[in-house]
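Presented below is the structure to which this report refers.
The values are calculated or read from the model by the stated rules, or taken from the named source; none is laboratory data. All figures in this text were calculated on a predicted structure; none of them were measured in a lab. Heads up, the Cβs are rebuilt from the backbone with ideal geometry, glycines too, and the neighbour counts pull from every protein chain shown. Note: areas computed on protein heavy atoms with side chains; ligands, DNA, RNA excluded. Shrake-Rupley method; radii C 1.70, N 1.55, O 1.52, S 1.80 Å.
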Amino acid sequence: MTSPAATSVPAATDRPVLRDFGGGPFGVYVHVPFCATRCGYCDFNTYTAGELGTSASPASWLEGLKGELRAAAVRFAELPSPTPPVSTVFVGGGTPSLLGGDGLAEVLDAIRAHFTLAADAEVTTESNPESTDPAFFARLRAAGYTRVSLGMQSAAEHVLKVLDRTHTPGRAVAAAREARAAGFEHVNLDLIYGTPGERDADLDAGIDAVLAAGVDHVSAYSLIVEDGTALARRVRRGELPAPDEDVLAARYERLDARLRAAGFDWYEVSNWATGPAARCRHNLGYWDGGDWLGAGPGAHSHVGGVRWWNVRHPARYVDRVAADGLPAAGWEALTDAERYTERVMLALRLREGLPLRDLDADGRAAVPGIVARGNAEIAGERLVLTDRGRLLADGVVRDLLV
């Protein structure tokens, strides 16, 4: 049932109605809403200094974050079962590295002040290569971070220009090497493929750079032209062509083949790792239906089938925390049907696939046709996407949910 608060800012008496933890992993996501510049393809909840003016700052955001974490810990303590240890932390954005090593250390200290981190907790931060250096990575390592995710996007200068990325083509590789030298065993590089003007050779150069960097994880996403972005306006004006679906499929297959040949294997449709230990446990928590607290402007949370989301603007976020502790803009209790839909959508994207027992009667009835079309196979009582099926994953989900 969806609360009226889902469409309006709740009063202090209309906070998310929490249920108990679901028994799986518990993670904390922290959203850092600051960027030095706005990339043309990005529709994330981020703000440049010019857009914010004097209404908010990293310092005021950090004080708001501390207040939200404190209030969330108090609310969780009211639940019947103890708050589980935090198994994963992910600091994303935006550009978390703009906080510097000391700022990110303070973020982790704020989490530790109110929650217990598991002894083997995975602690990740995203970083822009241009706002990192060896001292930055050394500070992160000393603070307790265990994993770094770097935005590379491409190794081709003209592709980065279309995306409005500011880093030079070689900086991401250098940053990855600096992170490894600082003691980070787990380092990810992000790629985007299908940008207008990108050639096969450009993608190959990006893969070559990733492999040369010595990372153990790669995330690769097809370019999506999001409404309201500068890129969407350029496409609409005819300055750039829209991404071609056939080209995107061919690029994905090319990327997958090269990564597999180099010892990476896919574990989620858009993610490859050199082994189980290199997989991003925090994101696996999302895909496996785990619980998490999302802290920061616009962040989403999920505990025991209840989801809530924070006010988006950093200044409003800080004000709401000061007034009420929890800055939720709305919440919803997921119905059984909604939870089933999400389970199918997310689990099917994983290498392990979706247990057949999790499907309802209509879903099980659709399985033979999906298998006959070559989009999935049965492996150990699970429905697993084939290589062809990964390209058509959304269609397979639709078939199962009809």
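What to note about this one:
- A single member of Val123, Val159 is in contact (Cβ under 8 Å) with a residue 40 or more places away in the chain and either over 14 Å from Ala175 (Cα atoms) or in a helix (DSSP H, G or I) (or both), and it is Val159.
- Only residues that are among the hydroxyl-bearing types (Ser, Thr, Tyr) and within 30 Å of Leu62 (Cβ to Cβ) were counted across the range 245-297, and they come to 1.
- Taken over the range 335-351, residues that are in a loop (DSSP other than H, G, I, E, B) and either buried (at least 18 other Cβ atoms within 10 Å of the Cβ) or among the charged types (D, E, K, R) (or both) amount to 3.
- The one condition in (1) open to solvent by 50 Å² or more (accessible area, probe 1.4 Å); (2) among the β-branched types (Val, Ile, Thr); (3) under 21 Å from the mean Cα position of the chain (by Cα) that Val89 fails to fulfil: (1)
- Among residues of the range 217-240, those that are in contact with a Phe, Trp or Tyr (Cβ under 9 Å, 6 or more places away or on another chain) and part of a helix (DSSP H, G or I), counted: 3
Listed here are the residues, each with its yes/no results for (1) touching a His at 6+ places or on another chain (Cβ under 9 Å); (2) at positive phi; (3) of a type in the set (D, E, K, R).
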| residue | (1), (2), (3) |
| --- | --- |
| Gly23 | no, yes, no |
| Val32 | no, no, no |
| Lys66 | yes, no, yes |
| Leu69 | yes, no, no |
| Pro84 | no, no, no |
| Leu104 | no, no, no |
| Val107 | no, no, no |
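- Residues that are open to solvent by 10 Å² or more (accessible area, probe 1.4 Å), small (Gly, Ala, Ser) and in contact with a strand residue (DSSP E or B) (Cβ under 9 Å, 6 or more places away or on another chain) within the range 209-223 comprise Ala209, Gly214, Ser222, listed in sequence order.
- Note on the range 258-301: residues that are polar (S, T, N, Q) and in contact with an Asp or Glu (Cβ under 6 Å, 6 or more places away or on another chain) amount to 1.
- Remark: Ser81 matches the filter, which requires a residue to be more than 14 Å from Ala295 (Cα to Cα), in contact (Cβ under 8 Å) with a residue 40 or more places away in the chain and open to solvent by 20 Å² or more (accessible area, probe 1.4 Å).
- Hits in the range 204-234 (condition: hydrophobic (A, V, I, L, M, F, W, C) and closer than 15 Å to Cys42 by Cβ): Leu223, Ile224, Val225, Ala230, Leu231, Ala232
- Of the residues making up the range 205-216, those that are under 11 Å from Phe264 (Cα atoms) and not in a helix (DSSP H, G or I) number 2.
- Where strands (runs of 3 or more DSSP E) fall entirely within the range 259-331, those with at least 1 residues that are touching a residue at least 60 places away in the same chain (Cβ under 8 Å), more than 30 Å from Asp208 (Cα to Cα) and open to solvent by less than 10 Å² (accessible area, probe 1.4 Å) are at 291-295, 300-303, 306-310.
- Considering residues of the range 377-397 that are in contact (Cβ under 8 Å) with a residue 24 or more places away in the chain and either assigned to a strand (DSSP E or B) or of a type outside the set (A, V, I, L, M) (or both) only, the residue surrounded by the fewest Cβ atoms within 10 Å (Cβ to Cβ): Glu381
- Arg251 being in contact with a Phe, Trp or Tyr (Cβ under 7 Å, 6 or more places away or on another chain) and either part of a loop (DSSP other than H, G, I, E, B) or in contact (Cβ under 8 Å) with a residue 40 or more places away in the chain (or both): yes
- Phe136 meets each of the listed conditions (1) modelled with pLDDT of 95 or more; (2) in a helix (DSSP H, G or I); (3) open to solvent by 30 Å² or more (accessible area, probe 1.4 Å) apart from (3).
- Identity of the residue in the range 151-208, open to solvent by 30 Å² or more (accessible area, probe 1.4 Å) and among the polar types (S, T, N, Q), that ends up nearest to Gly93 (Cα to Cα): Thr166
- Among residues of the range 162-200 being in contact with a Pro (Cβ under 8 Å, 6 or more places away or on another chain) and within 23 Å of Gly40 (Cβ to Cβ), the one that is modelled with the lowest pLDDT is His167.
Condition check ((1) under 22 Å from the mean Cα position of the chain (by Cα); (2) of a type in the set (D, E, K, R)) across all residues:
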residue	(1), (2)
Leu117	yes, no
Val123	yes, no
Ala172	yes, no
Asn188	yes, no
Asp200	no, yes
Leu203	no, no
Val225	yes, no
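- Qualifying residue in the range 100-115 (condition: modelled with pLDDT under 95 and open to solvent by 20 Å² or more (accessible area, probe 1.4 Å)): no
- The residues on offer are Gly27, Gly50, Gly23, and the sole one that is within 24 Å of the chain's Cα centre (by Cα) and open to solvent by 60 Å² or more (accessible area, probe 1.4 Å) is Gly23.
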